[in-house]
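Contents: one structure, followed by commentary.
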Amino acid sequence: MVLAMGIAQLALTLYGRNVVIASAHEGARAATELGRDVGEAEDIARRTVRSAAGSLVENMDIVVTTTTAGDDTIVRVRLTGRLAAIGPVPVPLSVDVTANSVRPGEVE
Amino acid sequence: MSFPDERGQALVESILLGVVLLVPIVWALMILADVHRAALASTSAAREAGFDAARSESSAAAGEAVDGAVSSALTNHGLAGESATVDWIAPEGLERGETVEVSVAYPVPVVRLPFMGDAGGPSVWVRATHVARVDPYGSR
């Protein structure tokens, strides 16, 4: 029984990690889409995690930074949090992922 | 009737059976997690490459946009961009209202060694396709 629950916990942990990775990317990418601004990256990443993983990801913190390289703007989303320990192993795992996206400079 | 020399046999069998069952299940879970991650990355890559290609001014620019979007999506998901196979079809000149189709395929290796990663052998191919329409009214 403990073994089966441990396997389920491992599956949930891997799923949570994948969701966090994908959410950071979604946030970074959305911020560089036409008609959107950088301020939306955090909200989109947070909503993506919540809708896909619910409370599986705890203590979530999202930092969005922008840098310029020539005419381009690089949006970087760093998403950190802890994957809730739902199962027999009472150790919440930390996740820390970073995603980048480039917004090309406007053509004059 | 008791057999003193069989004491502990159930424990040994449970441990052996547990290991024999546990190892393939954990291995399968790890592969499935990688397939899941590759599926998320491939769908993002195809979708974003399609959007970017459909907004490009020329076929050459569209090609660069596809490469950039696929590479960015896969790298952000922790995957090797060079392992992916990317195909895209678009009409010459990217006329308004036409469609751009982008397909991304990524191989997930099935055989992995602890701390060593990919050990060659067969792969599970994850494929994603996105069809984007060139905006019939928007300026480019």
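Quick notes on this one:
- Residue, surrounded by the most Cβ atoms within 10 Å (Cβ to Cβ), within region A:21-70, restricted to residues that are within 14 Å of chain B (Cβ to nearest Cβ) and acidic (Asp, Glu): A:Glu26
- Selected residue (only one of B:Glu98, B:Glu64 is within 13 Å of another protein chain (Cβ to nearest Cβ), modelled with pLDDT under 95 and within 18 Å of B:Val131 (Cα to Cα)): B:Glu64
- The criterion of being assigned to a helix (DSSP H, G or I), surrounded by fewer than 17 Cβ atoms within 10 Å (Cβ to Cβ) and in contact (Cβ under 8 Å) with a residue 12 or more places away in the chain does not hold for B:Gly93.
- Annotation note: of A:Val107, A:Val91, the sole residue that is farther than 28 Å from B:Val70 by Cα and modelled with pLDDT under 90 is A:Val91.
- Test for A:Val75: is it in contact (Cβ under 8 Å) with a residue 24 or more places away in the chain and either among the aromatic types (Phe, Trp, Tyr) or buried (at least 18 other Cβ atoms within 10 Å of the Cβ) (or both): yes
- The listed residues are B:Ala62, B:Ala28, and the only one of them that is without any contact (Cβ under 8 Å) to a residue 40 or more places away in the chain, touching a Lys or Arg at 6+ places or on another chain (Cβ under 9 Å) and not basic (Lys, Arg) turns out to be B:Ala62.
For every residue, the table says whether it meets (1) modelled with pLDDT of 90 or more; (2) in a strand (DSSP E or B); (3) hydrophobic (A, V, I, L, M, F, W, C); (4) in contact with a Cys (Cβ under 8 Å, 6 or more places away or on another chain).
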position: B:Ile31; (1), (2), (3), (4): yes, no, yes, no
position: B:Ser44; (1), (2), (3), (4): yes, no, no, no
position: B:Val70; (1), (2), (3), (4): yes, no, yes, no
position: B:Glu82; (1), (2), (3), (4): no, no, no, no
position: B:Val108; (1), (2), (3), (4): yes, yes, yes, no
position: B:Val124; (1), (2), (3), (4): yes, yes, yes, no
position: B:Arg127; (1), (2), (3), (4): yes, yes, no, no
position: B:Pro136; (1), (2), (3), (4): no, no, no, no
position: B:Ser139; (1), (2), (3), (4): no, no, no, no
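- Counting the residues of region A:5-54 that are among the hydrophobic types (A, V, I, L, M, F, W, C) and either in contact with a Pro (Cβ under 6 Å, 6 or more places away or on another chain) or under 18 Å from B:Leu40 (Cα atoms) (or both) gives 16.
- Qualifying positions in region A:6-56 - of a type in the set (A, V, I, L, M), in contact (Cβ under 8 Å) with a residue 60 or more places away in the chain and touching a strand residue (DSSP E or B) at 6+ places or on another chain (Cβ under 9 Å): A:Leu12, A:Val20, A:Ile21, A:Ala24, A:Ala28, A:Ala31
- Tally, over region A:94-104, of residues that are more than 9 Å from chain B (Cβ to nearest Cβ) and modelled with pLDDT of 90 or more: 3
The values are calculated or read from the model by the stated rules, or taken from the named source; none is laboratory data. Since the model is a prediction, treat every value here as computed from it, not as a measurement. Every residue, glycine among them, receives a Cβ derived from its backbone with ideal geometry; neighbour counts consider all protein chains shown.
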